[in-house]
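In what follows, a single structure is set out as structure tokens and then discussed.
The values are calculated or read from the model by the stated rules, or taken from the named source; none is laboratory data. All values derive from a computational prediction rather than experimental measurement. Cβ: placed from backbone, ideal geometry, glycine included. Neighbour counts: every protein chain shown. In case anyone asks, the SASA skips ligands and DNA or RNA and just uses the protein heavy atoms, side chains included. Shrake-Rupley method; radii C 1.70, N 1.55, O 1.52, S 1.80 Å.
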Amino acid sequence: MSHDLVVRNVRVVRPGTQESPLADIAVDGGRITAVGPDLGTDAAEVHDGRGQLAFPGVVDAHQHWGIYNPLSDDTGTESRACAQGGVTTSLTYMRTGQYYLNKGGSYADVFPEVLAASEGRSHVDYAFHLAPMQASHIDEIPMLVDEHGVTSFKIFMFYGSHGLHGRSNAQNDFLMIPEGERYDIAHFEFVMRGIQRVREQRPDIAEAISLSLHCETAEIMTAYTKIVEQEGTLSGLEAYSASRPPHSEGLAVTIASYLAHETGLPTINLLHLSSAKALEAAMLMAATFPHVDFRREVTVGHLLADVHTADGIGGKVNPPLRPREDVEALWRHLLAGDVSWVVSDHACCKEATKFGDDHDDVFAAKSGFGGTEYLLPGLVGEGLKRGLALPRIAELVSTNPARRFGLGTKGDLAPGFDADIAIVDPDTSWTVDPAASESTQEYSPFRGLEIGSTVTRTFLRGRTVFADGAVVGGPAGRYVRRPS
């Protein structure tokens with residue numbers, strides 16, 4: 001039979017398998033219809049993969065479109081960086097307050113603006129995680145689930161008395177929450193109870209409804225920032241890491257985990273764990289509360305860079321890049337199977353915004369940087385050197401986040417799944433040059449890093465969106481209601 005597309009002669013990397021056999025992939029109507037040897041060339045389009053690896057399109061479950069640039073702009077440019085890196089679905093965080101849309105109020109008013117700003121501009125499929133910042137947002141969770149297909153939510157634990165970039169004494173102004181309300185542990189508890197109520201009311205989709213937490217402790221960070229600045233012996237990323245010490249993460253993980261136990265909310269995602277102490281706390285909590293289905297996230301930045309190898313204070317991010325011993329601890333946990341997925345935490349922050357007038361003051365710099373284009377090739381290149389199996393990489397960057405976040409047609413190369421495919425050459429390395437990125441960010445903490453594999457082509461629902469080093473065609477991405 002004739003197909004819309006046949007991707008021939010690729011090593012098909014699938015989750016839960018032992019091998020990656022040479023095979024063909026047939027696509028019809030944007031979905032995979034067959035995977036196997038010798039599917040022929042009777043197709044409207046045939047692509048010869050030349051024995052390269054075919055991964056399920058990456059589900060980058062942690063991005064921040066619109067945090068520093070208008071959402072409409074970031075949706076266009078940063079989704080191009082996604083396609084460049086084999087990412088076919090972006091899950092991006094959004095909240096009310098300063099940055100993003102720079103407004104407070106109800107999600108009934110704000111979220112339609114978010115959807116309108118992003119519609120028709122993305123080169124990859126996308127969805128949003130939302131953060132309940134004020135009490136009334138908890139009451140809106142059922143509406144967000146039912147009307148908009150938003151099934152994942154977030155708490156920024158350190159915002160209790162710490163700003164996005166450092167200490168802050170103007171919490172309510174920064175978060176744009178009503179006078180008299182507090183964004184604190186009690187609010188976190190009530191968010192958990194609200195999400196669990198919705199799960200109980202919708203048992204058919206309960207497993208797709210989850211809460212993610214940024215685990216750092218505001219009081220610890222505020223105190224240690226003062227200590228680091230007063231002592232003045234550390235500088236740059238080393239100073240920033242010391243000002244937000246790893247035990248701040250461990251303590252926040254412990255608090256979050258006990259609240260999950262107390263509220264009966266089992267679907268908890270612990271975001272961007274950056275240190276040995278953070279992972280230690282996460283594993284202790286998993287053993288202590290086995291009824292909580294914890295998922296543990298690590299970013300590619302924390303796996304590929306440390307406080308000394310990153311290219312300057314452009315590597316400022318929350319939680320911070322860490323010393324090499326923490327990087328090695330993350331890899332040990334990843335290879336042991338303790339990490340659920342790997343993400344980019346992509347947040348495009350242009351040079352003028354990032355550094356301001358002083359390129360040497362890490363505490364004055366803005367937090368966050370891009371990197372979705374380095375996620376898959378970086379993990380394949382470094383992972384293979386460290387003995388990470390190809391099917392496990394597919395699970396870490398695609399299958400596991402797709403299943404957790406209700407993306408039922410994403411995350412595998414099998415009949416019935418969306419034909420989201422990333423073709424990777426594992427034998428061609430390259431050196432990071434920010435000028436070669438599709439992102440509008442002019443610098444990168446990965447500058448000069450050798451990436452051990454190359455994404456050669458990306459398909460979104462059977463359509464080529466990246467090939468031969470360039471994004472192909474106009475924006476074809478869709479907003480994905482979940483569960484899908």
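A few notes on this one:
- Charge dipole of segment 411-484 (Cα centre as origin; +1 on each Lys and Arg Cβ, -1 on each Asp and Glu Cβ, all else neutral): 500 debye, rounded to the nearest 20.
- In the assembled protein chains, Trp430 presents an accessible area of approximately 80 Å² (probe radius 1.4 Å).
- Secondary structure note: in the chain, about 45% of the DSSP beta bridges are antiparallel.
- The per residue volume of the convex hull around the alpha-carbon atoms of the chain is 128 Å³.
- P(r) weight above 20 Å for segment 357-484, C-alpha pairs, percent: 55 percent
- Taking all protein chains together and rolling a 1.4 Å probe, His291 ends up with roughly 110 Å² accessible.
- Sorting Phe188, Phe417 by solvent-accessible area of protein heavy atoms yields Phe417, Phe188, largest first, with a 1.4 Å probe.
- For Thr75, net neighbour charge (Lys/Arg +1, Asp/Glu -1) across residues whose Cβ lies under 9 Å away: -3
- Modelled spin labels at Asp173 and Asp358, positioned 7 Å past Cα toward Cβ, are 2.0 nm from each other.
- Apportionment of accessible area to carbon and sulfur, segment 1-114, percent (1.4 Å): 45 percent
- Considering helices alone, the calculated mean residue ellipticity of the chain at 222 nm is -10000 deg cm²/dmol, with DSSP H runs of length four and up weighted by -39500 (n - 2.57) and normalised per residue.
- Degrees separating the helix 185-201 axis from the principal Cα axis of the chain, which is the longest one: 40 degrees
- Couplings 3J(HN,Hα) for segment 353-366, derived from phi with the Karplus relation 6.51 cos²θ - 1.76 cosθ + 1.60 (θ = phi - 60°), are 6, 5, 9, x, 8, 10, 7, 10, 9, 5, 6, 8, 6, 6 Hz, where x marks Gly and Pro.
- Among the trypsin sites (Lys or Arg not before Pro) within segment 1-59, those in coil by DSSP and having at most 11 neighbouring Cβ atoms inside 10 Å are Arg50.
- Backbone geometry of segment 297-311 corresponds, through the Karplus equation with coefficients 6.51, -1.76 and 1.60 at θ = phi - 60°, to 3J(HN,Hα) couplings of 10, 10, 9, 5, x, 6, 8, 9, 9, 10, 5, 9, 8, 5, 7 Hz, x marking Gly and Pro.
- Close amide H partners of Gly40, meaning residues 5 or more places away or on another chain with modelled amide H under 5 Å apart, do not exist here.
- Around the amide H of His47, modelled in the peptide plane, lie the amide H atoms of Val6, Val7, Arg8, all under 5 Å away and 5 or more residues distant in sequence or on another chain.
- In this structure the amide hydrogen of His3, modeled in the peptide plane, comes within under 5 Å of the amide hydrogens of Ala43, Ala44, none closer than 5 places in sequence on its chain.
- Phi angles across segment 433-441 convert, under the Karplus curve 6.51 cos²θ - 1.76 cosθ + 1.60 with θ = phi - 60°, into 3J(HN,Hα) values of 10, x, 5, 8, 7, 6, 5, 8, 6 Hz, Gly and Pro given as x.
- Accessible area in square angstrom per residue, the chain, 1.4 angstrom probe: 35 Å²
- Taken about its Cα centre, segment 83-209 carries a charge dipole of roughly 380 debye when the Cβ of each Lys and Arg holds +1 and the Cβ of each Asp and Glu holds -1.
- About its Cα centre, the dipole of the chain is roughly 660 debye, where the only charges are +1 on Lys and Arg Cβ and -1 on Asp and Glu Cβ.
- Here's the list of aspartates and glutamates a cross-link from Lys277 could span, going by alpha-carbon distance under 19 Å and ignoring same-chain residues fewer than 8 apart: Glu216, Glu219, Glu238, Glu249, Glu297, Asp306, Glu325, Asp326, Glu328, Asp338.
- In the complete set of protein chains, residue-level accessible area for Met176 is approximately 70 Å², probe 1.4 angstrom.
- Members of Lys226/Lys350; Lys103/Lys316; Lys226/Lys366; Lys154/Lys354; Lys154/Lys350 lying beyond 20 Å, as alpha-carbon distances in this model show: Lys226/Lys350; Lys103/Lys316; Lys154/Lys354; Lys154/Lys350
- Ratio Rg/Rh, restricted to segment 263-323 and using Cα atoms, in which Rh is the Kirkwood radius: 1.09
- Cα centroids of segment 84-160 and segment 172-231: 15 Å apart.
- Each part gets one Cα centre, and for segment 279-330 versus segment 333-399 those centres are 10 Å apart.
- Angle in degrees between helix 372-385 and the longest Cα principal axis of the chain, rounded to the nearest 10: 80 degrees
- Principal-axis analysis of the Cα atoms of the chain puts helix 218-231 at an angle of about 80° to the longest axis.
- Taking the charge dipole of the chain about its Cα centre, with +1 at Lys and Arg Cβ atoms and -1 at Asp and Glu Cβ atoms, the residue from Gln98, Ser437, Gly250 reaching farthest to the positive side is Gly250.
- Take 223-233, 447-457, 310-320 and order them by the average number of nearby Cβ atoms within 10 Å per residue, most first; the result is 310-320, 447-457, 223-233.
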